[in-house]
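The values are calculated or read from the model by the stated rules, or taken from the named source; none is laboratory data. In this text, all values refer to a predicted model and were calculated from it rather than measured experimentally. Here the Cβ is made from the backbone with ideal geometry for all residues, glycine too, and neighbour counts use every protein chain on show.
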Amino acid sequence: MGIFSRLGSLIKSNINDLISKSEDPEKMLNQVVLDMKNQLVEAKKQVAVAIGDEKRLKKQWDDQITQGKEWERKAMLAVHAGDDGLAKEALLRQKENDTLAAQFEQQWHLQKDSVEKLKVQLGTLNNKIEEAKRKKNILVARAKRAEAQKTIQQTMSGLSDTSAFDTFDRMSEKVEQLEAESEAHAELAEESSGDMLAQKFKALETTGGADLALAELKAKMGLPAASSTGKALPAGDSGRVDKSAPALAEKGHERDK
């Protein structure tokens, strides 16, 4: 019984020592299982010694029984020889052997019971170690999952810090400001180095193109188009030009002459 009590205390001591020194659950559990296996080997050795003692006691008991029978045979031989004194001495030796045989028998039964209990405890310990090995894999998986979740939570906590988002906002505003300044510099460079008259015609063409596109859209919709003065022309006359106006003006000029 003392063997397994000491074994349990040693395992607990090793576990507590590992917990205080190690932060890696996988390494710690592997070391605990390894220590358990080593202690199991030592426990098996102790049980083997106890079994050896049991066998030795059984042999000594058998030897005393054999010797007692031998002295009884010698006493009978002395009686046949007519030597009662010698027969009595042989019977005394037989009694001593029978007494020792009874003592060895008692010790053998006690040792045999102890060995049987040790074997049961050894089997229980072996089963617990096998169970610990299976649970170790589950605990390692749980530890890794918990560590991953912890890392994710720490990352998310870092991202939720407003200073990070404030930095992004400041950088975005700075980029927009740089873009605006770049466009302003480009416009100033074009105005200062380009042909101003060509730029005015280009602007006029751009505006005229927009007016023409608007007139075509309204014609497609059946709406009157606006004149250059901003007044709407009659429907159907937006694209027609009065060709007789120049001829009438010329005839009036000739009459004046």
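Looking at the range 75-84, is at least one residue surrounded by 13 or more Cβ atoms within 10 Å (Cβ to Cβ), free of Cβ contacts under 8 Å to residues at least 40 places away in the same chain and among the charged types (D, E, K, R)?
The answer is yes; a qualifying residue exists.
Please go through (1) modelled with pLDDT under 90; (2) loosely packed, with under 14 Cβ neighbours inside 10 Å for Ala143 and return the number of the only condition it doesn't satisfy.
Evaluating Ala143 over (1) modelled with pLDDT under 90; (2) loosely packed, with under 14 Cβ neighbours inside 10 Å leaves (2) as the failure.
Condition check: in contact with a helix residue (DSSP H, G or I) (Cβ under 8 Å, 6 or more places away or on another chain), more than 26 Å from Met28 (Cβ to Cβ) and not β-branched (Val, Ile, Thr). Does Lys112 satisfy that?
It is true that Lys112 is in contact with a helix residue (DSSP H, G or I) (Cβ under 8 Å, 6 or more places away or on another chain), more than 26 Å from Met28 (Cβ to Cβ) and not β-branched (Val, Ile, Thr).
Restricting to the range 122-140, name every residue that is among the small types (Gly, Ala, Ser) and surrounded by 14 or more Cβ atoms within 10 Å (Cβ to Cβ).
Listed by number, the list holds a single entry, Ala132.
Can you say whether Trp61 is in contact with a Lys or Arg (Cβ under 9 Å, 6 or more places away or on another chain), under 22 Å from Leu100 (Cβ atoms) and of a type outside the set (A, V, I, L, M), as far as the supplied structure shows?
no
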